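The values are calculated or read from the model by the stated rules, or taken from the named source; none is laboratory data. Keep in mind that this is a model prediction, so the values were computed, not measured. Don't worry about glycine lacking a Cβ; one is built from the backbone with ideal geometry, like all the others, and counts go over all protein chains shown.
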Amino acid sequence: MIAIYPGSFDPPTLGHIDIIHRAMGIATTLIVAVAINPAKSLMFSPDERVEMLAAICKGMPNVQVTQFSGLLVDFARAQGAKAIIRGLRAVSDFEYEFQMALANRLMDDSIETLFISTNAQYSCLSSSLVKEIAKLGGDPSAMVHKIVLNKMLQKSAGL
Ligand code: ADP
């Protein structure tokens, strides 16, 4: 089964990576798909986000990293995917995720949304929290992969 794990990944956190590890165990091919969403104000470009994820997922044989724009169901269909993977951290994620899953099902009933619950250790993590901590001069090294940490340090140094 081909599965898509879509998201903003701005930047990827250890929570995202945990979901990738879990999803790669149930999919034959897992496509991690960086959403290009010009409406959101983001720290990293789509290319930078793909680059970080590709470096992190190097050595995971059934994981591919790419980017997409437009409707997720259109992208999923074009990839031949049968499932969309989403991570759940807390009940607060549920309402939005459930609404998206049902809307996607209305558009394409052949693609199933699968929810994977986070490792409890990472349930507090979000990309925005990581960015906020870094902005205030904190150390997010327990929250992101070292590849992401280095990229964030480069960004804040204006490199
Ligand atoms: P989006 O803008 O699509 O919500 P995100 O990068 O914020 O993109 O999240 C992508 C997916 O990863 C979502 O399903 C989200 O719930 C999940 N996710 C985000 N952070 C974590 C975490 N710490 N643990 C598990 N899942 C997470």
- Item | Among the residues listed as 116, 133, 147, the single one being touching a strand residue (DSSP E or B) at 6+ places or on another chain (Cβ under 8 Å) and surrounded by 12 or more Cβ atoms within 10 Å (Cβ to Cβ) | 116
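Filter the range 45-72 down to the residues that are over 20 Å from residue 122 (Cβ atoms) and in contact (Cβ under 8 Å) with a residue 60 or more places away in the chain, then identify the one that is nearest to the ligand (Cβ to nearest atom). Quick ask: steps written out before the conclusion?
Filtering the range 45-72 down to residues over 20 Å from residue 122 (Cβ atoms) leaves 45-48, 50-51, 54, 58-59, 61-62, 64, 66-72.
Filter once more, keeping what is in contact (Cβ under 8 Å) with a residue 60 or more places away in the chain: 48, 68, 72.
Values: 48: 14, 68: 12, 72: 9 Å.
For the range 45-72, the residue satisfying everything is 72.
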- Note on the structure: Across (1) at pLDDT below 95; (2) within 22 Å of residue 121 (Cα to Cα), residue 37 clears everything bar (2)
- Query: In the range 60-69, how many residues are closer than 11 Å to residue 33 by Cβ and surrounded by fewer than 19 Cβ atoms within 10 Å (Cβ to Cβ)?
  - Reply: 4
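Matching residues to (1) acidic (Asp, Glu); (2) under 23 Å from residue 111 (Cβ atoms):
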{"site": "4", "(1), (2)": "no, yes"}
{"site": "10", "(1), (2)": "yes, no"}
{"site": "17", "(1), (2)": "no, no"}
{"site": "34", "(1), (2)": "no, yes"}
{"site": "43", "(1), (2)": "no, no"}
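Does residue 108 meet the test of being farther than 23 Å from residue 132 by Cβ and either free of Cβ contacts under 8 Å to residues at least 12 places away in the same chain or in contact with a Gly (Cβ under 6 Å, 6 or more places away or on another chain) (or both)? Don't jump to the end; show me each part of the working.
On the way: farther than 23 Å from residue 132 by Cβ: yes; either free of Cβ contacts under 8 Å to residues at least 12 places away in the same chain or in contact with a Gly (Cβ under 6 Å, 6 or more places away or on another chain) (or both): no.
Taking the combined requirement at face value, the residue does not satisfy it.
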- Query: Out of the residues in the range 1-28 that are over 27 Å from residue 134 (Cα atoms) and not in a helix (DSSP H, G or I), which is farthest from the ligand (Cβ to nearest atom)?
  - Reply: 28
- Residue that is surrounded by the most Cβ atoms within 10 Å (Cβ to Cβ), among those in the range 72-113 that are more than 20 Å from residue 15 (Cα to Cα) and touching a helix residue (DSSP H, G or I) at 6+ places or on another chain (Cβ under 7 Å): 72
- Message: With the condition being closer than 16 Å to residue 7 by Cα, I'd like the helices (runs of 4 or more DSSP H) fully within the range 58-159 carrying at least 3 qualifying residues.
- Response: 72-78, 91-107, 127-135
